[in-house]
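K.L.:
Take this structure first; my questions come after.
The values are calculated or read from the model by the stated rules, or taken from the named source; none is laboratory data. Values in this document were obtained by computation on a predicted structure and should not be read as measured data. Using ideal geometry, Cβ is built from the backbone for each residue, glycine included, and neighbour counts are taken over all protein chains shown.
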Amino acid sequence: MAIPTTLNIKYTCGHTQGTDLSHIPAGRRKAHAYGLAKNKDCTKCFAKKNEAGRQQWLQQRNAQTLAEAEVFEQTHELAPVEGSEKQIPWATRVRYELLKAAMDSSAVSETTYNNSILPAARTIVKASWWITNSDTAAEDVEEIVTTAPVTEHIETENPF
């Protein structure tokens with residue numbers, strides 16, 4: 001008979017949960033399950049206990065990154081982004097992270113950054129554009145920034 005990989009464990013919080021222990025060698029699974037039962041909470045209770053601390057940590061991290069982004073914005077003479085109240089801090093942080101990643105990347109030379117990326121980035125002030133392109137790799141920043149439309153006004157027949 002095969003040794004089970006999923007064991008029902010009664011955690012310290014009192015909840016019983018089926019836990020996958022397939023990553024633990026078969027001979028150590030029961031001992032590992034015993035250790036979890038004596039020392040840990042189930043995943044739901046663990047998440048609930050740590051949610052407040054996680055939120056506080058996230059707020060501190062975002063505030064610190066935003067402060068760094070504002071300093072970066074001033075030293076690189078970038079115009080403030082335009083958008084809603086929620087978009088502005090988000091886009092400011094994203095723009096900082098993208099430009100910093102490109103600046104620190106070995107794939108982008110300093111000359112390319114200063115002569116191509118930075119001047120193009122100065123012309124992009126729409127927060128939505130920065131947010132939309134937030135998942136761009138450092139080596140692709142030059143391409144997306146230099147090909148970005150300066151204005152996104154689309155002509156239509158609709159007068160409204």
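K.L.:
Take E77 and decide whether it is of a type outside the set (S, T, N, Q), assigned to a helix (DSSP H, G or I) and under 28 Å from P119 (Cβ atoms).
P.N.:
Here the answer is no, as E77 does not meet what is asked.
K.L.:
With the checklist (1) assigned to a helix (DSSP H, G or I); (2) buried (at least 17 other Cβ atoms within 10 Å of the Cβ) in hand, flag the one item L58 doesn't pass.
P.N.:
Of everything listed in (1) assigned to a helix (DSSP H, G or I); (2) buried (at least 17 other Cβ atoms within 10 Å of the Cβ), L58 misses just condition (2).
K.L.:
Pick out the one residue from A102, A107, A127, A148 that is under 16 Å from F72 (Cα atoms) and not basic (K, R).
P.N.:
Numbers: A107 fails: under 16 Å from F72 (Cα atoms); A127 fails: under 16 Å from F72 (Cα atoms); A148 fails: under 16 Å from F72 (Cα atoms).
Step by step, each of A102, A107, A127, A148 is checked, and only A102 is under 16 Å from F72 (Cα atoms) and not basic (K, R).
K.L.:
Continuing with this model, one more query. I'd like to verify a number: residues in the stretch 74-128 that are out of contact with any helix residue (DSSP H, G or I) (no Cβ under 7 Å at 6 or more places or on another chain) and free of Cβ contacts under 8 Å to residues at least 24 places away in the same chain, how many?
P.N.:
Qualifying residue count, the stretch 74-128: 11.
K.L.:
Of the residues that make up the stretch 122-144, is at least one over 14 Å from the mean Cα position of the chain (by Cα), farther than 30 Å from C13 by Cβ, of a type in the set (S, T, N, Q) and outside any loop (DSSP other than H, G, I, E, B)?
P.N.:
Yes, the stretch 122-144 contains at least one residue that is over 14 Å from the mean Cα position of the chain (by Cα), farther than 30 Å from C13 by Cβ, of a type in the set (S, T, N, Q) and outside any loop (DSSP other than H, G, I, E, B).
K.L.:
Determine which single condition A2 fails, assuming it passes every other condition in (1) under 30 Å from S116 (Cα atoms); (2) hydrophobic (A, V, I, L, M, F, W, C); (3) modelled with pLDDT under 90.
P.N.:
Looking at each condition in turn, A2 falls short on (1).
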